[in-house]
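Worksheet for the structure shown next.
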Amino acid sequence: MSFFIDSTIKDVGPWMEAFRVRDPAIKIYREGDKVPLDQITTAVVWNHRPGLFLKFPNLKLIASMGAGVDHILSDPSIPSSVIITRIVSDTLSGPMSNFCIGAVLYHQRQFDKYLSDKVQKIWHQELNPELGMNIGIMGLGALGMDLANKLNSLGFNVFGYSKSKKEIPDVVSFTSDQLQDFLNEINVLVVMLPATPETKAILSKPLFAQMKRGTYLINVARGHHQVDQDIIDAIEDGQLSGAFLDVFPKEPLSADSPLWAHPKVMITPHIAVVTKIEAAVPQIISAHYRVLEGELPEIVVDKLKGY
Ligand code: NDP
């Protein structure tokens, strides 16, 4: 009934400390420790070492240290009986929505134009300072729902796209067999889809060709979704009016990527939201005890759906 925590990217030290403070009864181990392998029932991971789960014969729960689970499901060695959970919290959805609203306003109020004007000392006033916007959110899950409601309350026209139909007041919801109808309505696309085989490279030439000319793209989900060169080509020929990108297929974005210097591309280094340890730890502990008692955690990842 112990934890093993592993990440090849995150510093697990502060997580171990937070688990110990929150529940001193839980023993927690990391790479390099002398680990009682048969006592590990919960693995807490973010980009773990391959083959990790096979070491623990009594593993019952794998907990993602964030919202995404693509880093877990890409491991073919997950025992079928093991439950996977992930973080759903308003400490994720709140900052994520704020970030997206910032990106929407950056485009709506044409701050890229004024940044460029400032560098050139140009005083030029747009007579219509607010661009008209119909905002489409691809992925109406924990994050997309929060953003839809908040954009709606700010007075934007909001459209959603997800596998199943959603009922959100004043938000028009489309399902995955209505992609063209969804794209016909919008001129700003915010992507909040999970990384699955179905969503790989979805932000590429065929999708852009289906969009209204001049649609603005905001991707805060995963670089897995996007083909950088297709984004540049679509901006160059006017199919996209620009892009606000927080994620990239290869991170960090290479210094020689043409995205850096493109005047119509805004780049942030995968910081739309960062998991708060103090919010994640109690959720993982609660999931751990529920699973030990034979119950399901509050958030269960559907391994077949991939999110
Ligand atoms: P959820 O699992 O709650 O929601 C996913 C949504 O996407 C659901 O509405 C689902 O539809 C929809 N969906 C999935 N596949 C498809 C598809 N093929 N076509 C149409 N709709 C689809 O995830 P979250 O909202 O919590 O998070 C979304 C993603 O955001 C995460 O998976 C993660 O990759 C990313 N993320 C990125 C962060 C960053 O800093 N860049 C931070 C946090 C998350 P349905 O509801 O019908 O199942």
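The values are calculated or read from the model by the stated rules, or taken from the named source; none is laboratory data. The model shown is predicted, which means the values in this text are computed figures rather than measured ones. Every residue, glycine among them, receives a Cβ derived from its backbone with ideal geometry; neighbour counts consider all protein chains shown. Accessible surface is based on the protein model in full, side chains and every heavy atom, while ligands, DNA and RNA are left aside. Shrake-Rupley method; radii C 1.70, N 1.55, O 1.52, S 1.80 Å.
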- [ ] Take residue 96 and decide whether it is closer than 18 Å to residue 168 by Cα and either within 16 Å of the ligand (Cβ to nearest atom) or open to solvent by less than 10 Å² (accessible area, probe 1.4 Å) (or both).
- [x] no
Open item on the list: Test of understanding: among 194, 258, which residue is in the same structural domain as residue 159 (by TED's automatic domain parsing) and either open to solvent by 60 Å² or more (accessible area, probe 1.4 Å) or in a strand (DSSP E or B) (or both)?
Closed with: 258
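A quick yes/no check of all residues on (1) surrounded by fewer than 20 Cβ atoms within 10 Å (Cβ to Cβ); (2) in contact (Cβ under 8 Å) with a residue 40 or more places away in the chain; (3) part of a strand (DSSP E or B):
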| site | (1), (2), (3) |
| --- | --- |
| 17 | yes, no, no |
| 20 | yes, no, no |
| 42 | no, yes, yes |
| 48 | no, yes, no |
| 58 | yes, no, no |
| 67 | no, yes, no |
TODO: Mind listing whichever residues of the range 157-180 are more than 8 Å from the ligand (Cβ to nearest atom) and more than 24 Å from residue 101 (Cα to Cα)?
DONE: 177, 178, 180
- [ ] Could you list all residues from the range 199-217 that are among the hydrophobic types (A, V, I, L, M, F, W, C), within 16 Å of the ligand (Cβ to nearest atom) and open to solvent by 20 Å² or more (accessible area, probe 1.4 Å)?
- [x] 201, 202
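Please pick out the residue among 151, 140 that is open to solvent by less than 20 Å² (accessible area, probe 1.4 Å), part of a helix (DSSP H, G or I) and touching a strand residue (DSSP E or B) at 6+ places or on another chain (Cβ under 8 Å).
None of the others qualify; the one that does is 151.
A quick yes/no check of all residues on (1) within 16 Å of the chain's Cα centre (by Cα); (2) away from the ligand (no atom under 16 Å from the Cβ); (3) without any contact (Cβ under 8 Å) to a residue 60 or more places away in the chain; (4) not assigned by TED's automatic domain parsing to the domain that holds residue 70:
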position: 219; (1), (2), (3), (4): yes, no, yes, yes
position: 227; (1), (2), (3), (4): no, yes, yes, yes
position: 238; (1), (2), (3), (4): no, yes, yes, yes
position: 247; (1), (2), (3), (4): yes, no, yes, yes
position: 253; (1), (2), (3), (4): no, no, yes, yes
